[in-house]
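Everything below concerns the one structure shown next.
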Amino acid sequence: MHRAHIRRVLAALLASLAIAATAIPPIGGLAGAATGANCSAGDGIVCYLDITAPQSVLTGVPFTVTVSVYADFDRTAVAKGDPCGSDAPIRLEIENEFEGPYEATLFATAMSGVATFQVTIPAGTANDGLYTLGAFGDYGEGSDCGFVFFDPASAPLMAVTVPATQPIAPCPEDVSCKQVLSGTGSAATLIAEQGTFTATFGTLVVADGCADGGPADPNGVLTFDYAPGPDGSFPKTIILALSRERVTKGIGQFKICWHSINAFTPLGGGPQVLTGYLPACKKNDLGPCVLFQKANQHNTGFFGILAPEIDPKAYPK
């Protein structure tokens, strides 16, 4: 993530974390502006769809999904100038990967090539899990635009239920974001400008190091993987959150244990290590380092980490 973008994200997050007591809903990104164009003509008129949505959402909390109608296969020019693509009827299908109880089909009409949907995965752990968003366009027979073919799009979506006592940082707009919970007092929000995340919480492997006393949450060791986007890898921002019962000392007394396959400079300086505690970030630091440690008025704790491209294990203790 570019440094200017990081600063904007952190400023917004810190403002919200100052008063956060419970789960903070993610914010869905919106499609960016693009120039108008006509859908491509070859064997027929083809418009290309693309979905913009959060990677991870909280059940019971509304979020925004946009479907953009593009004039070209590379999805660079929104079909604002196309008489059929600019106001195309769009169908959004929400399917549970594991045949769970919730599935839905929503409809919206594009405006200037962008259809907007307000979506809510119903509250409750029964609806947790991985979903697929599918976008389709079809005027149907008899319409003047019935000859237009819409190349469909799909995107993954993870829905999670967050207990009222568990703080979690929000997903900012227009970034790749993943949210995950340990179930026993820890949460993580992983942010990058592009790419996708997988992430899980687990127990400490003593051989990994930093084991004296272990993590504040026994199931709070975060392991994650980051797959770069089309423009390559970007630095990552990780925000760990501890629920009130896990914050058993002053927030400044916590340290972030970091276990990586790439050597880094530990807290206090000295030779580089593969496992150790992270130092505070300095100006123009590339990480890994601690961006902030913050407790709010409800004594919940938040820890911001600037992470380089390699994907390690980490936890506060």
Discussion item. Out of the strands (runs of 3 or more DSSP E) lying entirely within segment 62-139, which hold 2 or more residues that are touching a strand residue (DSSP E or B) at 6+ places or on another chain (Cβ under 9 Å), more than 26 Å from Pro172 (Cβ to Cβ) and at pLDDT 90 or above?
Written reply: 89-96, 104-109, 129-137
Fill in: Matching residues in segment 273-304 - criterion: being polar (S, T, N, Q) and in contact with a Phe, Trp or Tyr (Cβ under 6 Å, 6 or more places away or on another chain)
Gln293
Response to the item:
When segment 100-113 is checked residue by residue, the ones that are within 14 Å of Cys47 (Cβ to Cβ) and open to solvent by less than 40 Å² (accessible area, probe 1.4 Å) are Ala110, Gly113
Worksheet entry | Hits in segment 251-287 - residues which are free of Cβ contacts under 8 Å to residues at least 12 places away in the same chain, in contact with a strand residue (DSSP E or B) (Cβ under 8 Å, 6 or more places away or on another chain) and open to solvent by less than 50 Å² (accessible area, probe 1.4 Å) | Val273
Worksheet item: Which residues, taken from segment 76-95, are open to solvent by 60 Å² or more (accessible area, probe 1.4 Å) and charged (D, E, K, R)?
Response: Lys80, Asp87, Arg91, Glu95
Item to complete: For segment 146-167, state whether one or more residues are open to solvent by less than 70 Å² (accessible area, probe 1.4 Å), under 30 Å from Lys294 (Cα atoms) and among the polar types (S, T, N, Q).
Response: yes
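The values are calculated or read from the model by the stated rules, or taken from the named source; none is laboratory data. What you are looking at is a predicted structure, and each value in this text was computed from that prediction instead of being measured. Every residue, glycine among them, receives a Cβ derived from its backbone with ideal geometry; neighbour counts consider all protein chains shown. Accessible surface is based on the protein model in full, side chains and every heavy atom, while ligands, DNA and RNA are left aside. Shrake-Rupley method; radii C 1.70, N 1.55, O 1.52, S 1.80 Å.
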